[in-house]
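The values are calculated or read from the model by the stated rules, or taken from the named source; none is laboratory data. Predicted, not measured: the structure shown is a model, and the values here were computed from it. So basically every Cβ, Gly included, is an ideal-geometry build from the backbone, and we count neighbours across all protein chains shown.
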Amino acid sequence: DVKVTQSSRYLVKRTGEKVFLECVQDMDHENMFWYRQDPGLGLRLIYFSYDVKMKEKGDIPEGYSVSREKKERFSLILESASTNQTSMYLCASKGGGRETQYFGPGTRLLVL
Amino acid sequence: SQQGEEDPQALSIQEGENATMNCSYKTSINNLQWYRQNSGRGLVHLILIRSNEREKHSGRLRVTLDTSKKSSSLLITASRAADTASYFCATDADGTASKLTFGTGTRLQVTL
């Protein structure tokens, strides 16, 4: 079974802090994704990566950056957290010719 | 941008009843997928239907796709309390699952 893990289930940060959200997958998947999920808006793609050191912007990249230095790890960075970045963040991966994405358990981030 | 819109937003039924939720989308697709999310958790893939398919079954799940109407429905038969979750449709425009577009979800509550 594919396992996608996220570094924290819950996180509380203050406005202006730099925040790192980490995601690790254990299936050698090429593609990894970061979404945010907000009530009434569903999941929105922030960034995705199709290979090490490669990244592409999703629908809402503003205020975020990403890093993929190793194939199994994809990091989401909030350079200066703001209250409107309070959300549920979901990481996913895809690979092996499969047409579906595998999700981590999510990180609920609260920015005060 | 959000392509999929689920209907209804919330659905409450009793155990043993059938649950039907609908998804509409706007642009052409290669396939449409349904995912389930238990409260506060990540998403789990349920079923995929391709654009050249009209109906697909998996256990108690039945999915239909009408590409002329750009709509899909998910039917859960003989529902159980454990089916309580949010259900999301996701459209895949090019068949690579590299950029899924998720709907806003239907919250299903199954009571005893």
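Assorted remarks:
- Of all residues in the range B:1-20, those satisfying the criterion of being at pLDDT 95 or above and either in contact with a Pro (Cβ under 9 Å, 6 or more places away or on another chain) or assigned to a loop (DSSP other than H, G, I, E, B) (or both) are B:E15, B:G16, B:E17, B:N18.
- Selection from the range A:101-112 of residues that are more than 14 Å from every other protein chain (Cβ to nearest Cβ) and part of a strand (DSSP E or B): A:V111
- On the stretch given as the range B:72-112, residues that are hydroxyl-bearing (S, T, Y), farther than 12 Å from B:Q33 by Cα and within 13 Å of the chain's Cα centre (by Cα) total 3.
- Unmet requirement for B:E17, which otherwise passes all of (1) buried (at least 16 other Cβ atoms within 10 Å of the Cβ); (2) touching a residue at least 60 places away in the same chain (Cβ under 8 Å); (3) over 23 Å from A:F103 (Cα atoms): (1)
- Selection within the range B:20-29 - surrounded by 16 or more Cβ atoms within 10 Å (Cβ to Cβ) and either without any contact (Cβ under 8 Å) to a residue 12 or more places away in the chain or in contact with a Lys or Arg (Cβ under 7 Å, 6 or more places away or on another chain) (or both): B:S24, B:Y25
- Single residue of the range B:24-57 satisfying the filter (out of contact with any Leu (no Cβ under 7 Å at 6 or more places or on another chain), among the small types (G, A, S) and closer than 18 Å to B:T106 by Cβ) that is farthest from the other protein chains (Cβ to nearest Cβ): B:S24
- Some residue of the range A:50-58 being within 13 Å of chain B (Cβ to nearest Cβ), within 24 Å of B:L46 (Cβ to Cβ) and within 13 Å of the chain's Cα centre (by Cα): yes
- Inter-residue pairs, beta-carbon under 7 Å, first away from chain B (no Cβ under 14 Å) and in the range A:17-37, second acidic (D, E), 6+ apart: A:K18/A:E79; A:D26/A:E72
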